[in-house]
Structures are given as C-alpha cells and as structure tokens.
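A short worksheet on the structure shown next.
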Amino acid sequence: MGSPGQALTTDGNNPAQLSWATISGGGGSFPLITSINGAFTVGGTGDTTNPVAIGASELERIYLVNTSNAAITVTLPDASTVNAGFKLQIKRMGSHNITLAPSTGTIDSLNQVLSTQYASLTLVSDGSTTDWHII
C-alpha cells in the first residue's frame with residue numbers, strides 16, 4: 001500500500017512490475033485526501049490524521065468531514081502562509097453543520113457554514129493576503 005503523495009507506477013515491461021513511487025515535478029504534489037471525525041485546524045496539530053504543516057510544494061488538500069455526531073469547526077490557516085493557488089476543499093459528510101473559521105482574514109468577506117449534508121466548498125489562496133477566496 002502506498003503513502004500520501006505516492007502513485008502506482010510501472011516499469012513498462014511485459015509483464016509489468018508495479019511499485020509505489022513518490023511523484024515529483026509538475027509544480028506540486030497530489031492532493032492529500034483526509035477523512036476527519038472532529039474539529040480540527042487545517043495543517044495544524046489539531047489535524048489528528050495529518051498533523052503536518054502545509055508543504056512548500058503542496059497545491060491542494062481535500063477534507064471529507066464526518067459531522068454525524070456534532071457540528072464541527074474547521075480552522076483555516078492564514079492564506080498568505082500557503083502557496084499562491086493553493087486549493088482547499090471541504091465536504092460535509094454528516095448531518096451537522098461545518099463552520100469554516102479562518103485563523104486570520106476572511107473567506108470572501110463572509111462567514112461560511114456548510115449547512116446541507118454533502119455540501120462542499122472550494123477555497124483558494126492568492127498567496128499575498130490573509131483572505132481565502134471561494135471558487
């Protein structure tokens with residue numbers, strides 16, 4: 001089984017030998033897809049599934065958030081601390097709300113709450129302000 005950021009590759013022979021490899025180049029890594037079951041900070045120590053900062057080559061993170069038991073707050077990092085064009089996707093998988101709370105700045109000058117099951121929001125950073133932008 002591979003690790004986050006790896007892809008299944010072939011040696012091109014017949015029959016092919018498959019192996020997991022870390023992919024580089026292309027301007028960034030594959031998106032990290034994480035399932036979460038409680039309140040957390042994106043890329044922070046409260047992100048218990050992946051308690052690491054957002055990497056310098058990272059361009060996207062996807063969170064599937066289980067809100068079956070309670071409403072959850074997702075704290076976003078300062079948008080100016082991630083790559084310009086970094087994309088963050090949050091999807092509500094349960095029956096309770098998700099409140100998106102930037103640690104600094106705003107999300108298009110509005111508070112954002114995912115109030116419908118399976119609702120999602122895609123945000124992007126321009127890398128120069130503390131604000132997140134909805135796309």
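What follows is calculated from the coordinates using simple rules that are stated; it is not laboratory data. Model, not experiment: these values are computed from the prediction. Counting neighbours? That spans all protein chains shown, and the Cβs are built from the backbone with ideal geometry, glycine included.
General observations
- The residue 120 and residue 16 beta-carbon pair, evaluated with R₀ = 35 Å, returns a calculated FRET efficiency of approximately 0.45.
- FRET efficiency for residue 66 and residue 113, using Cβ-Cβ distance with R0 set to 25 Å, rounded to 0.05: 0.90
- Whole-Å distance, taken between Cα centres, linking region 81-113 and region 54-69: 10
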